[in-house]
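Below you'll find the structure, written out as C-alpha cells, and then a few comments.
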Amino acid sequence: MEVIKTIALLKKRVKKAKLDGKTIGLVPTMGYLHEGHLTLANEARQENDIVIMSIFVNPTQFGPNEDFESYPRDLERDCKLAEPVGVDIIFAPSVEEMYPTDGGIAIRAGRQSEILCGASRPGHFDGVLQVVAKLFHLSEADRAYFGQKDAQQVAIIQTMVRDYNFPLQIRTIPIVREKDGLAKSSRNVYLTEQDRKEAPAIYESLNIAKEEYLLSRNVDKAIELAAKHINEKTNGRIDYLQLLSYPDLKSVTDETTHFLLATAVYIGKTRLIDNMIFLNKGVIQHV
Ligand code: PAF
C-alpha cells in the first residue's frame, strides 16, 4: 500500500493504471476509520483492480462553529486498518494541496440539501460536493463507495453525478447494525449505559413507520406512530423524522416508488442518525 500526499503523484499512478486498462474504486473518507469504512473498502476491493482510499478532513464542509479543528486524525492508525482490507493507495493530501487557490467558483447543492441534516448545517453539502467532485476527477474512479447511513449525502452526490454526467458509478453500501438493530456509528461510544439501552428504539421506530405506511399509505400516521415509539421508549429528543421520496427527497405522492425514512434523534447528548430505504414491497439493500 502506498501513501500519496500530492495530486501530481496521484495523477501519475492513476494515468499508469488507466493505460494498463485497470478499473479504479474510490473510497472517500475523512479518516479515523471504523468498521463502516472498511466495509466500503472491502466492497471496492471485490469490484475493482485498484482501490484508492482518500483520507482528508475537508474544511469546506464544516460550519464555523463545528468541529473541524478537533476532528480526530490519525493517519498511521488508518493505514494499519486500511492495508489488510486491500487498499492499494491512500490519498492523504493537505488542505493547501487540495485548495491552493480560491477562484470563488462554488458547487451548490440544491433543494435536496435544505432539509433533514442540511437544515441545521447550511453549506455542508456544498462542501461535500466540492471535495467529492475533485476526488472523482483526480482518481478517475470507475466506482465510488458511500455508506447508506448518510442517505442524504448519497442522494445529493447521485444527483450531481447524474446532472453533470460524471463518468462513474456510485455504489451504496447498506447500514451495518448491532444485533439489536442500532446502526453502527463512531458516536455510539458516547452513549451511557442507559442511552445504549434506549437507542435501538430508533431503528424500531423506522420499522413501525414503514409497516404503517405500507398498510395505510398515510405518511402523517406513520410518522406519528414512529415518533410515539421513540418518545415512549427513550428520553431522547427527535431532531427530524421524515418519510420522503428517494433519491429526490420530495414529499411522498401516489407516484413515489422509492421511499426514504430518515431520522436524527438526540439520545442523551448524542445525536444519532438512522434511515431505511424501501420500495412499495419492502426494504431494499442496495440503491
Ligand atoms: O462522508 C464523509 O466522510 C465525507 O462527507 C466525505 C464523503 C468523505 C467527503 O468529505
Taking residue 88 and the conditions (1) within 18 Å of residue 136 (Cα to Cα); (2) within 16 Å of the ligand (Cβ to nearest atom); (3) more than 20 Å from the chain's Cα centre (by Cα), which numbered condition does it fall short on, given that it satisfies the others?
-> (2)
Using the structure shown, decide if residue 182 is closer than 23 Å to residue 228 by Cα, more than 13 Å from the ligand (Cβ to nearest atom), at pLDDT 95 or above and under 14 Å from the mean Cα position of the chain (by Cα).
-> no
Does the stretch 76-98 include one or more residues that are among the polar types (S, T, N, Q), in contact (Cβ under 8 Å) with a residue 12 or more places away in the chain and surrounded by 18 or more Cβ atoms within 10 Å (Cβ to Cβ)?
-> no
Among 155, 226, which is the only one that is in a helix (DSSP H, G or I), more than 16 Å from the ligand (Cβ to nearest atom) and modelled with pLDDT of 95 or more?
-> 226
What number goes with the only condition from (1) open to solvent by 20 Å² or more (accessible area, probe 1.4 Å); (2) in contact with a His (Cβ under 9 Å, 6 or more places away or on another chain); (3) at pLDDT 95 or above that residue 22 does not pass?
-> (2)
Counting only residues that are under 16 Å from the mean Cα position of the chain (by Cα) and in a helix (DSSP H, G or I), how many does the stretch 118-144 have?
-> 13
Which residues, taken from the stretch 99-141, are open to solvent by less than 60 Å² (accessible area, probe 1.4 Å), among the aliphatic types (A, V, I, L, M) and away from the ligand (no atom under 16 Å from the Cβ)?
-> 115
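The values are calculated or read from the model by the stated rules, or taken from the named source; none is laboratory data. Being a predicted model, the structure only gives us computed values, none of them experimental. All Cβ positions, even for glycine, are placed from backbone atoms using ideal geometry, and neighbour counts span all protein chains on display. Just the protein is used for accessible areas: all its heavy atoms, side chains included, with ligands, DNA and RNA removed. Shrake-Rupley method; radii C 1.70, N 1.55, O 1.52, S 1.80 Å.
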